[in-house]
Amino acid sequence: MKVDRRQEKEAEAARKSAMAVMSQAPADALKRAWIEAGFEVEAHAVRGPEIGLVTVRGRIGGGGAPFNFGEATVTRATVRLSTGEIGHAYALGRDKEKARLSAIADALWQDPARRGDVEAKLLDPLRAVLGEADRLRRAETAATKVDFFTMVRGED
């Protein structure tokens with residue numbers, strides 16, 4: 001029983017990680033990776049894609065009392081594959097195609113027989129794109145870094 005629960009938690013964490021990659025990836029990179037992966041999938045829309053709003057909450061200083069900061073536009077989609085898997089996706093913004101493709105990828109990822117292909121053909125290229133964007137952002141930030149130092153005066 002404990003082994004089954006541990007495996008469920010590991011699978012849940014892996015699925016969350018996969019969905020995080022798809023939600024963080026730029027829409028054009030996701031579409032390009034999808035085309036290059038060549039997945040031929042028949043997916044029926046269960047819900048959406050549809051656009052709505054979510055409330056964004058914040059905290060002063062990261063630890064203060066939560067407050068409603070504002071609203072953000074979100075697109076969600078739910079699809080069912082012909083094999084029965086159901087995929088869900090939420091994406092910031094108004095890109096319905098990104099939400100639909102992410103939902104299909106989520107459904108494909110849930111099938112153990114297809115999971116390896118989804119990881120290798122779709123998620124790994126997206127991770128590389130995200131890693132390169134992060135590397136560029138860090139390089140740009142490092143270029144503006146200022147090192148402060150204090151000279152010791154001989155009085156002490």
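Each value in this text was obtained by applying a stated rule to the coordinates, not by laboratory testing. Everything quoted here is computed from the prediction, not taken from an experiment. Note: ideal-geometry Cβ built from the backbone for every residue, glycine included; neighbour counts use all protein chains shown.
Name the one entry in 119, 132, 140 that is among the charged types (D, E, K, R) and surrounded by fewer than 10 Cβ atoms within 10 Å (Cβ to Cβ). Let's see the steps before the verdict.
Values: 119 fails: surrounded by fewer than 10 Cβ atoms within 10 Å (Cβ to Cβ); 132 fails: surrounded by fewer than 10 Cβ atoms within 10 Å (Cβ to Cβ).
Sole residue among the options that is among the charged types (D, E, K, R) and surrounded by fewer than 10 Cβ atoms within 10 Å (Cβ to Cβ): 140.
Scanning segment 21-47 for residues that are surrounded by 12 or more Cβ atoms within 10 Å (Cβ to Cβ) and either assigned to a helix (DSSP H, G or I) or hydroxyl-bearing (Ser, Thr, Tyr) (or both) yields a count of 12. Within segment 48-102, the set of residues being part of a strand (DSSP E or B), touching a residue at least 12 places away in the same chain (Cβ under 8 Å) and among the charged types (D, E, K, R) comprises 50, 57, 71, 76, 80. Evaluation of residue 108 against the conditions (1) in contact (Cβ under 8 Å) with a residue 60 or more places away in the chain; (2) within 15 Å of the chain's Cα centre (by Cα) shows that the sole unmet condition is (2). Any chance segment 42-62 includes a residue that's within 27 Å of residue 131 (Cβ to Cβ) and of a type in the set (D, E, K, R)? No, segment 42-62 contains no residue that is within 27 Å of residue 131 (Cβ to Cβ) and of a type in the set (D, E, K, R). Of all the criteria given as (1) free of Cβ contacts under 8 Å to residues at least 60 places away in the same chain; (2) more than 15 Å from residue 19 (Cα to Cα); (3) charged (D, E, K, R), the one not satisfied by residue 115 is (2). So is residue 107 part of a strand (DSSP E or B), touching a strand residue (DSSP E or B) at 6+ places or on another chain (Cβ under 6 Å) and of a type in the set (A, V, I, L, M) or not? No; evaluated as a whole, the condition is false for this residue.
Since residue 11 meets every condition but one in (1) assigned to a helix (DSSP H, G or I); (2) within 25 Å of residue 94 (Cα to Cα), which condition does it not meet? The number of the failed condition is (2).
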